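Report on the structure given below.
The values are calculated or read from the model by the stated rules, or taken from the named source; none is laboratory data. All of these numbers come straight from a predicted model, not from anything done at the bench. Quick reminder, even Gly has a Cβ in these numbers, built from the backbone with ideal geometry, and neighbours come from all protein chains shown. Side chains included, ligands, DNA and RNA excluded: accessible areas come from the protein's heavy atoms. Shrake-Rupley method; radii C 1.70, N 1.55, O 1.52, S 1.80 Å.
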Amino acid sequence: MQISDATMEKLLVRSGTATVEQINALKEEGLHSKRPLQEIALKNKIIDDKTLTKAFSEYSQIPFIELSANTIPTDVLNKIPEHIARQYNAILFKVEDDGTNYLAMDDPDDVQAVNFIEKQIGTNTNIYVASHENILATLEAYRSDVAHELDEVVDIQRVDDTENDNVKDQDINESSPIAQTINLLLEYAIRSNASDIHIEPREGFVQIRYRIDGVLKEVNRLPQNVLNSLVSRIKILSNLKIDEHRVPQDGRFKMKVGGKQYALRVSTLPVADGEKTVLRILDESNQAVSLESLGFWGKSLENIKTAMPEPNGMILVTGPTGSGKSTTLFSILTILNTPNVNISTVEDPVEYKIPGVNQTQTNTKAGMTFANGLRALLRQDPNIIMIGEIRDTETADLGVQSALTGHLVFSTLHTNNAATCLPRLLDMNIEPFLIASIMRVVVGQRLVRRLRHDTRQNYPPTEAEKQFVIGMFKLRPGQDFKYIHELEKQAAAEGIGGDTPLSTDENGINTLWRADINDNANGAQGGYKGRIGIYEVLNNSVPMQKLIIANATSDQIQNQAIEEGMVTMQTDGLIKALRGETTVEEIIRVTKE
């Protein structure tokens, strides 16, 4: 949709998204760069695509619609051929019994496009306006059966002999079946909301697995003879050496699907049957979400919000690989990212790009380790430092010294919970009195699969199940069902679980939730779709500092934190299970250690 500068100025004023001073600054920037006001406003995030489309809808009196690919019948969609729909960014989303057509476009003022499309579908057409991003996402409905397309392409490559032939140029060029296979594997993974793709050589076949919501799932098997070509094609895309098969390699490349840009981090590893390749999918269009949206609430949210504005000290996020630590730090840094602070990071790798933040990628071969990168950052006048991970004594020592000399330091550590983080720093030869003085809060976290609210099922637990919950979640004296009920009421008041009715009262649990294992529609996997975090936030109070200086064990530190009101990860998970956000089984799966 192309909007004139004059109209765009009116829309910004009408929508209330920009002041007169901001509009004048945008106009001046447009004058110097010779770009339209619409492009400048969107680039500077004065207004987003959806809000602009709504404002244009009100101004032009063309009704606004937000499309969902899942609700459009295939026969209706296909009345406009895919190439025409993509050329004009137009979607036919509904046809009445009397022949009335409902057409959504991102530029309904394009009379030529409307006339051309009406020759295809008829003139009895109601025009709607939808945002450009929404149209692009919905256009992917034309490719609804990627798995079937993949099978068709793979069938071309199935041959009787399963020996790995030498790779030829024609096997891996842009138009080859191998290139099509890679494109479809990536597209299918992105559609399935997978975080990782595993291409694994097995005896007699190549296994393709996706990690969806933290769980690996086999999605296809390819003939073994395509392995070398498949790996070589990925190496070409990620600028790796295609003739090197003996050592691991790392690279990355980018691609667009549904109007969104994705970065794919590639890792190859020689194994017994060939080269295994894993691709991590990173959505570069992802915006940081609030801490509340991640799943923080109550005492945990209060403690982390109290620590964030501190001028110095250290905030650590702990958990195993894939527990969402980077996402938590990304959200915190985005909140703290204001024009009056200098935020610098050293990461391996840079997963989330944050505008206005100086992000450095480690490179061990070039001597850019976490420790060397941190030394360089300290000469760059930072206010806030983020170290991707504390892996060794040298990095830990530099991080502590940075926190002592007036910097707010964020980092991650691989420990099972928040309390074991402090003894882990002692193992890295950090003096107890230093840990006590610089530590602000320690966050422990995991990710659990989220129940799909439309299909989740509730049921009354048996007495045996109630006792199992008491035993499994180790409810302590004073942490009986009355305590759990009060926590659930607080979580409900803060929006956890939406309008789900309370599952407890002062006497016990009345309702538990489970997934509908047959629900695999609209991106769900056995009744689960997406993930939510479960957290514990350990606050470094004065009694806690005394324990640290006294070289207390992690159990003593944990008990003190609970006495001070810390909600443990398991208890946070239990509350979210009672609120219908996940299941008790899912909490046990990720916290059983």
**Prompt:** Name the residues in region 362-394 that are modelled with pLDDT under 90, open to solvent by 80 Å² or more (accessible area, probe 1.4 Å) and not in a helix (DSSP H, G or I), would you?
**Reply:** R391
**Request:** Pull up region 549-568, narrow it to residues that are open to solvent by 10 Å² or more (accessible area, probe 1.4 Å), assigned to a helix (DSSP H, G or I) and in contact (Cβ under 8 Å) with a residue 60 or more places away in the chain, then point me to the one that is farthest from N193 (Cα to Cα).
**Result:** I549
**Asked** Taking into account only those residues within region 218-257 that are of a type outside the set (S, T, N, Q), within 30 Å of L139 (Cβ to Cβ) and not in a strand (DSSP E or B), which is most open to solvent (accessible area, probe 1.4 Å)?
**Response** I236
**Request:** Give R456, R452 a once-over and let me know the one that is within 27 Å of S326 (Cβ to Cβ) and open to solvent by 10 Å² or more (accessible area, probe 1.4 Å).
**Result:** R452
**Request:** Having 3 or more residues that are under 26 Å from A90 (Cα atoms) and open to solvent by less than 50 Å² (accessible area, probe 1.4 Å) is the bar; report the helices (runs of 4 or more DSSP H) wholly within region 3-68 that clear it.
**Result:** 5-15, 37-43, 49-60
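Report whether or not D196 is open to solvent by less than 60 Å² (accessible area, probe 1.4 Å), farther than 18 Å from L264 by Cβ, of a type in the set (D, E, K, R) and in contact with a Lys or Arg (Cβ under 6 Å, 6 or more places away or on another chain).
In short, no.
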**Fill in**
Only one of I127, I91 is more than 26 Å from A521 (Cα to Cα), outside any helix (DSSP H, G or I) and either within 27 Å of the chain's Cα centre (by Cα) or modelled with pLDDT of 90 or more (or both), namely I127
**Complete:** Here the qualifying pairs (Cβ atoms under 9 Å; residues six or more apart or on different chains; first in region 415-435 and among the acidic types (D, E); second buried (at least 17 other Cβ atoms within 10 Å of the Cβ) and in a helix (DSSP H, G or I)) come out as E431/V400
**Count - residues of region 113-123 that are open to solvent by 80 Å² or more (accessible area, probe 1.4 Å) and part of a loop (DSSP other than H, G, I, E, B)** = 1
**Prompt:** Tell me, which residue of region 69-85 that is within 18 Å of D110 (Cα to Cα) and at pLDDT 85 or above is surrounded by the fewest Cβ atoms within 10 Å (Cβ to Cβ)?
**Reply:** I84
**helices (runs of 4 or more DSSP H) wholly inside region 419-533 that include at least 2 residues being under 25 Å from the mean Cα position of the chain (by Cα)** = 481-493
**Prompt:** Restricting attention to region 486-509, which residues are polar (S, T, N, Q), under 16 Å from A577 (Cβ atoms) and modelled with pLDDT under 90?
**Reply:** T504
**Complete:** Y483 fails exactly one of (1) modelled with pLDDT of 90 or more; (2) open to solvent by 30 Å² or more (accessible area, probe 1.4 Å); (3) aromatic (F, W, Y), namely (1)
**Fill in**
When region 290-310 is checked residue by residue, the ones that are under 15 Å from the mean Cα position of the chain (by Cα), surrounded by 13 or more Cβ atoms within 10 Å (Cβ to Cβ) and without any contact (Cβ under 8 Å) to a residue 60 or more places away in the chain are L291
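Of everything in region 305-328, what is part of a helix (DSSP H, G or I) and closer than 12 Å to M439 by Cα? Give them in sequence order. Before you say what the answer is, go through the steps one by one.
To start, the set of residues in region 305-328 that are part of a helix (DSSP H, G or I) comprises 305-307, 325-328.
A307 - this is the single residue of region 305-328 that is part of a helix (DSSP H, G or I) and closer than 12 Å to M439 by Cα.
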**Item:** Selection status of E463, of a type outside the set (G, A, S) and surrounded by fewer than 17 Cβ atoms within 10 Å (Cβ to Cβ)
**Value:** yes
**Asked** Looking at region 171-193, is at least one residue modelled with pLDDT of 85 or more, open to solvent by less than 20 Å² (accessible area, probe 1.4 Å) and outside any helix (DSSP H, G or I)?
**Response** no
**Request:** Could you please find all residues in region 258-273 being of a type in the set (D, E, K, R), in a strand (DSSP E or B) and at pLDDT below 90?
**Result:** K260
**Request:** Search region 478-503 for residues that are over 18 Å from G565 (Cβ atoms) and in contact (Cβ under 8 Å) with a residue 12 or more places away in the chain and pair each with any residue that is of a type outside the set (D, E, K, R) and surrounded by 20 or more Cβ atoms within 10 Å (Cβ to Cβ) when their beta-carbon atoms are under 6 Å apart and the residues are at least 6 apart or on different chains.
**Result:** G497/G580; T500/G580; S503/L578
**Request:** Filter region 325-361 down to residues that are in contact (Cβ under 8 Å) with a residue 60 or more places away in the chain, within 22 Å of K43 (Cβ to Cβ), open to solvent by less than 40 Å² (accessible area, probe 1.4 Å) and of a type outside the set (V, I, T), then give me how many there are.
**Result:** 1
**Prompt:** Which members of region 241-273 meet the condition of being in contact (Cβ under 8 Å) with a residue 40 or more places away in the chain and of a type in the set (F, W, Y)?
**Reply:** Y262
**Message:** Filter region 423-443 down to the residues that are touching a strand residue (DSSP E or B) at 6+ places or on another chain (Cβ under 7 Å) and open to solvent by less than 10 Å² (accessible area, probe 1.4 Å) and list them by number.
**Reply:** I438, M439, V441, V442, V443
**Prompt:** T412 is checked against (1) touching a Gly at 6+ places or on another chain (Cβ under 8 Å); (2) assigned to a loop (DSSP other than H, G, I, E, B); (3) polar (S, T, N, Q) and fails just one. What number does that condition carry?
**Reply:** (2)
**Prompt:** So L398 fits all but one of (1) out of contact with any Lys or Arg (no Cβ under 7 Å at 6 or more places or on another chain); (2) open to solvent by 20 Å² or more (accessible area, probe 1.4 Å); what number is the exception?
**Reply:** (1)
**Request:** Using the structure shown, decide if N340 is over 26 Å from the mean Cα position of the chain (by Cα), of a type in the set (S, T, N, Q), over 28 Å from D283 (Cβ atoms) and not in a helix (DSSP H, G or I).
**Result:** yes
**Request:** Go through T277, T318, T268 for me and flag whichever is crowded, with 18+ Cβ neighbours inside 10 Å, in contact with a Cys (Cβ under 9 Å, 6 or more places away or on another chain) and of a type outside the set (A, V, I, L, M).
**Result:** T318
**Request:** Could you check K260 against (1) over 25 Å from E218 (Cα atoms); (2) buried (at least 18 other Cβ atoms within 10 Å of the Cβ) and say which number it fails?
**Result:** (2)
